[in-house]
Structures are given as structure tokens and as C-alpha cells.
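The values are calculated or read from the model by the stated rules, or taken from the named source; none is laboratory data. Given the structure is predicted, the values throughout are model-derived calculations rather than measurements. Cβ coordinates were reconstructed from backbone atoms using ideal geometry, including for glycine residues, and neighbour counts include every protein chain displayed.
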Amino acid sequence: MIEQKVALVTGASRGIGRTVALGLIEDGFRLALVARSLESLQSIASEIAALNLHPDSQPLLFPIDITKRDSVHKIVAEIDKVWGRIDLFFNNAGAWTEGTLDVSIDEFDRIFSTNLKAGFYFLQAVVPIMKQQGFGQIVNLVCITAKGAEPDWGVYSASKYAFFGLTEAIHFDLIKYGIKVTAICPSWVDTNMAQQAATPYQSDEMIQKEDILNTIRWLLKMSPKASIKEVVIDCTSEQLQR
Ligand SMILES: NC(=O)c1ccc[n+]([C@@H]2O[C@H](COP(=O)([O-])OP(=O)(O)OC[C@H]3O[C@@H](n4cnc5c(N)ncnc54)[C@H](OP(=O)(O)O)[C@@H]3O)[C@@H](O)[C@H]2O)c1
């Protein structure tokens, strides 16, 4: 019997995470879904149930605040207990803020707690499981602002630079354990966050959420010795403005 693979997806309640979760269930994964909004997670679970796919397709739902380290460790232990493996960890949840030196310390802490520390908590909890199984794919959703800061987005950009640095380091650290780590660094993706950040582009002028799903599918199809450190996805609308 082939054991079903398990994917842990953070930020699954909407946007990129939701699209990736729904794609992975079609690909035969069992899912552990994380976000604060239980209602949104339940709505994805209903959507999955309606697809009537494999019998074990009902996801585990974890409505937690990922900035709480204890909650993160608790849910990863729960996934380990129930399924005993994590094949793919999509470290995706994030938050955006405008501003640089005018940003309050509380807001600075919120952004760094969400975009850097929470991802770190998950990595500390997930990597021992992957080390034990001798394989795993980690995908950290970073941002193109980690490749060149956006004016007036200093705090968000700094959090993503730091997250990229962490990703790059563990990419090299974990290769010897059979664990692959990849940063995806997209420009504008058509989600609520892009609206919140006042994107000048229409939906169809941006990167689509499915492009991120397809990037993950491509990573998963790589042969065992192929290793991709980062994937930068530009948005042609923005490039044309330059
Ligand atoms: N959209 C873009 O243009 C773009 C471009 C480059 C990179 N990114 C990155 O892509 C990732 C996903 O963004 P998106 O565009 O899909 O944004 P989104 O639609 O705003 O979704 C963000 C997700 O993160 C979750 N989240 C945020 N704070 C959380 C917390 N404290 N605890 C638990 N979950 C939390 C949210 O769930 P709840 O609110 O239910 O908790 C939601 O599911 C982020 O890391 C973002 O920085 C986005």
C-alpha cells in the first residue's frame, strides 16, 4: 500500500495558501491547514468534502495564531501523532504593513513575529520530523522585496530579507538530511494582500495564485538530487513600467 503524503500549509484560510491547499488535495495529499479563522478553514474543508476525492481527504484544521510558539509546537506534534509524517511544509502565512521609520514598535513586532519568528517556530518543530524520515520539501513563501527593498515598505521588506536569509541558510544546512528548502519570491500576486497594499494592477495583470501552486508542483516533481534554492517570479506588468 502506498502511504498518502502529508502537507502542512500555513495561511490556508485565503489567498495563496487556500489555492495551494485545494490543489494539493487534488494531487492526493492529506492536509493540515493553519490560520486564525476557523470559519474560513471550515469552508475549505466543506469544499474539499464536496470534491469527494480520496477517503482520507478530510483535512486537520488548526485555527491558531502562529505567533504563539506553544501553539505551533502543539499542532505539529498533533500532526506527527495522527499521521506520523510531513512530506511538504508550505510556510506561507504572512502579513503586510506600509511604512518604514514611521512604523510603531508594536506594528514592527507584529510583522516580524508573523513573517519571521512564526516561520522559525514551525521550522524548529517540523525539521526534526523530516530529519527522522530522511526526506521532506520545505517551501518558504518569501517575496520579491527580499531581493530589493520597496520604498516605503521598509519593515515588510526587512522581515522578508530576514526570512530569505533564514531560508538560504537552512537550504544548505538541511541538504545532508535529504530535506530540500526553497524560497519562492513573487512580485504582485492577485490576493487580498495585494489589494491591501494598493496594487496599481487589475487581477489579470498580476501573478496568479495558481502560479505558486504550479511552482510547488514543479518542485515536487524534481528528481531526488535536484535542489532549487529560490524561485523569483516577476510580474510583467511591473517590469513594463520600468
Ligand atoms: N499577494 C502578494 O502580492 C504577495 C507577494 C509576495 C509575497 N506574498 C506573501 O505570500 C504569503 C501569502 O500572502 P497572501 O497574498 O495569500 O495574503 P492573504 O490573502 O492576506 O493571506 C494571509 C494568510 O496568512 C494567515 N495569517 C496571517 N497572520 C496570521 C497569524 N498571526 N496566525 C495565523 N495565520 C495568519 C491568514 O489567515 P487568518 O487571517 O485567518 O489568520 C491568511 O490565511 C505572505 O507571506 C505574503 O507576504 C504575497
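What the table below lists for this structure:
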{"read-out": "Filter result (surrounded by fewer than 19 Cβ atoms within 10 Å (Cβ to Cβ) and out of contact with any helix residue (DSSP H, G or I) (no Cβ under 7 Å at 6 or more places or on another chain)) within segment 137-173", "value": "LYS147, GLY148, PRO151, ASP152, GLY165, GLU168, ALA169, PHE172, ASP173"}
{"read-out": "Any hit, segment 57-69, residues being farther than 25 Å from ASP211 by Cβ and more than 18 Å from the chain's Cα centre (by Cα)", "value": "yes"}
{"read-out": "Which listed residue, of GLN239, GLN195, is over 22 Å from LEU123 (Cα atoms), of a type in the set (S, T, N, Q) and either in a loop (DSSP other than H, G, I, E, B) or modelled with pLDDT under 95 (or both)", "value": "GLN239"}
{"read-out": "Residue selected from segment 198-218 under the condition assigned to a helix (DSSP H, G or I) and over 14 Å from the mean Cα position of the chain (by Cα), by the criterion farthest from TRP153 (Cα to Cα)", "value": "TRP218"}
{"read-out": "Qualifying position, being touching a Leu at 6+ places or on another chain (Cβ under 8 Å), within 15 Å of the ligand (Cβ to nearest atom) and under 20 Å from MET130 (Cβ atoms), among ALA45, ALA21", "value": "ALA21"}
{"read-out": "Counted residues, segment 164-180 - those being outside any helix (DSSP H, G or I) and within 16 Å of the ligand (Cβ to nearest atom)", "value": "0"}
{"read-out": "Residue selected from segment 87-115 under the condition part of a strand (DSSP E or B) and more than 26 Å from PRO151 (Cα to Cα), by the criterion farthest from the ligand (Cβ to nearest atom)", "value": "LEU88"}
{"read-out": "Residue among MET193, MET206 that is of a type in the set (A, V, I, L, M), over 20 Å from LEU8 (Cβ atoms) and crowded, with 20+ Cβ neighbours inside 10 Å", "value": "MET206"}
{"read-out": "Unique match (being in contact with a Gly (Cβ under 9 Å, 6 or more places away or on another chain) and away from the ligand (no atom under 11 Å from the Cβ)) among ASN192, ASN214", "value": "ASN214"}
{"read-out": "Neighbours by Cβ (under 6 Å, 6+ apart or cross-chain): first from segment 130-158, under 23 Å from LYS221 (Cβ atoms); second of a type in the set (S, T, N, Q) and part of a helix (DSSP H, G or I)", "value": "ASN140/THR167"}
{"read-out": "Every residue from segment 13-48 that is surrounded by 20 or more Cβ atoms within 10 Å (Cβ to Cβ), free of Cβ contacts under 8 Å to residues at least 40 places away in the same chain and part of a loop (DSSP other than H, G, I, E, B)", "value": "SER13"}
{"read-out": "Whichever residue in segment 49-65 is assigned to a loop (DSSP other than H, G, I, E, B) and of a type in the set (A, V, I, L, M, F, W, C) and, among such residues, is nearest to the ligand (Cβ to nearest atom)", "value": "ILE64"}
{"read-out": "Residue count, segment 66-86 (criterion: loosely packed, with under 13 Cβ neighbours inside 10 Å and within 16 Å of the ligand (Cβ to nearest atom))", "value": "1"}
{"read-out": "Condition check for ALA118: touching a Phe, Trp or Tyr at 6+ places or on another chain (Cβ under 9 Å), within 16 Å of the ligand (Cβ to nearest atom) and in a helix (DSSP H, G or I)", "value": "no"}
